[in-house]
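What follows is one structure encoded as structure tokens, with my remarks underneath.
The values are calculated or read from the model by the stated rules, or taken from the named source; none is laboratory data. None of these values were measured; they are calculated from a predicted model. Neighbour counts are summed over all protein chains in view; Cβ atoms, including those assigned to glycine, are modelled from backbone coordinates with ideal geometry.
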């Protein structure tokens with residue numbers, strides 16, 4: 001493939017084929033400053049202009065260094081599908097892909113309308129993605145997360161499973177969690193624990209996570225200069241746990257009162273997880289006679305039984 005010098009101002013600022021993050025590599029910049037662009041970029045002819053297929057970082061470094069031209073290999077629109085797998089393998093020869101990069105590649109393949117069979121055969125093995133449609137859908141969903149969340153996923157190289165917690169919250173709340181994570185340098189294990197605590201408190205009290213942030217004055221804690229990073233994490237966690245368990249005793253007392261009101265047969269026991277971590281009621285019955293069956297049936301037919309059981313379920 002012939003190498004041609006192309007004027008920088010003829011190249012479109014179109015990044016639809018970019019799958020790496022748009023950062024500047026200082027090592028690459030220093031190399032290009034000293035030696036110029038050695039490895040040509042790949043360009044697609046678009047009339048009198050050109051679109052970048054690969055080499056975004058090299059191009060950005062050249063622009064930053066005010067180069068007038070850049071060496072390029074030309075690709076026709078019809079050759080894109082043929083060339084793209086080789087470009088991916090070339091990239092993988094230097095480093096592995098994170099899941100955000102894999103997500104962007106899947107998005108590019110969809111834009112190119114690559115058939116599933118070809119995608120499975122020629123691409124998914126290269127980028128190490130399980131050939132299941134549901135996995136591809138989950139990867140594409142990551143691109144709907146706020147940019148700061150995507151950067152966090154890339155920075156800490158999270159697995160697809162580790163990103164599941166972000167799907168539980170909206171854009172604003174995810175942004176707030178990432179703010180905590182970035183300011184306190186929190187990795188995903190610690191962050192996930194905090195996020196689950198927020199979700200649990202909000203769910204138990206039927207309020208929004210946003211209101212929990214406001215009530216616990218999280219932003220105020222983050223800006224306290226007299227607290228260390230660990231102290232801030234501890235204070236936020238303690239505030240959440242106090243909020244989470246402050247009503248636990250009252251809820252258990254309500255459940256106990258409702259259980260007594262049920263007037264259950266002696267052979268029937270109803271219990272629940274007193275920490276309220278696990279939802280639902282557990283019913284155990286030791287039936288040893290036909291009369292027990294009749295009594296059990298009559299117990300569940302009572303309006304009072306059904307009413308109180310429903311109230312208990314609302315708590316657990």
Out of the stretch 107-121, which residues are in a helix (DSSP H, G or I) and either farther than 13 Å from residue 80 by Cβ or out of contact with any helix residue (DSSP H, G or I) (no Cβ under 6 Å at 6 or more places or on another chain) (or both)? 107, 108, 110, 111, 116, 117, 118, 119, 120, 121
Taking the stretch 284-300 and keeping residues over 49 Å from the mean Cα position of the chain (by Cα) and either under 15 Å from residue 264 (Cβ atoms) or in a helix (DSSP H, G or I) (or both) leaves 290, 291, 292, 293, 294, 295, 298
Does at least one position in the stretch 181-189 carry a residue that is at pLDDT below 95, surrounded by 15 or more Cβ atoms within 10 Å (Cβ to Cβ) and either within 14 Å of the chain's Cα centre (by Cα) or not assigned by TED's automatic domain parsing to the domain that holds residue 230 (or both)? yes
Scan the stretch 301-316 for residues that are touching a residue at least 12 places away in the same chain (Cβ under 8 Å), part of a helix (DSSP H, G or I) and closer than 27 Å to residue 245 by Cα and jot them down. 308, 309, 311, 312, 313, 315
For the stretch 155-170, indicate whether the set of residues that are farther than 27 Å from residue 241 by Cβ and assigned to a helix (DSSP H, G or I) is non-empty. yes
Just give me the residues in the stretch 208-222 being within 18 Å of residue 182 (Cα to Cα) and either touching a helix residue (DSSP H, G or I) at 6+ places or on another chain (Cβ under 9 Å) or in contact (Cβ under 8 Å) with a residue 60 or more places away in the chain (or both), in sequence order. 213, 217, 218, 219, 221, 222
Residue among 133, 95, 104 that is out of contact with any helix residue (DSSP H, G or I) (no Cβ under 6 Å at 6 or more places or on another chain) and farther than 22 Å from residue 54 by Cβ: 133
Taking the stretch 251-282 and keeping residues surrounded by fewer than 15 Cβ atoms within 10 Å (Cβ to Cβ) and assigned to a helix (DSSP H, G or I) leaves 253, 256, 257, 260, 261
Given the condition free of Cβ contacts under 8 Å to residues at least 12 places away in the same chain, crowded, with 16+ Cβ neighbours inside 10 Å, in contact with a helix residue (DSSP H, G or I) (Cβ under 8 Å, 6 or more places away or on another chain) and not assigned by TED's automatic domain parsing to the domain that holds residue 108, answer yes or no: does some residue in the stretch 200-207 qualify? yes
Mind listing whichever residues of the stretch 89-100 are crowded, with 18+ Cβ neighbours inside 10 Å and closer than 23 Å to residue 141 by Cβ? 97, 98, 99, 100
Any chance you could count how many residues in the stretch 283-311 are touching a strand residue (DSSP E or B) at 6+ places or on another chain (Cβ under 7 Å) and exposed (fewer than 11 other Cβ atoms within 10 Å of the Cβ)? 1
Go through the stretch 9-27 and give me each residue that's closer than 30 Å to residue 148 by Cβ, at pLDDT 85 or above and not in a loop (DSSP other than H, G, I, E, B). 11
If a residue must be free of Cβ contacts under 8 Å to residues at least 40 places away in the same chain, outside any loop (DSSP other than H, G, I, E, B) and closer than 12 Å to residue 11 by Cα, how many such residues does the stretch 32-70 contain? 8
Quick count over the stretch 81-106, residues being part of a loop (DSSP other than H, G, I, E, B) and within 20 Å of the chain's Cα centre (by Cα), is 3
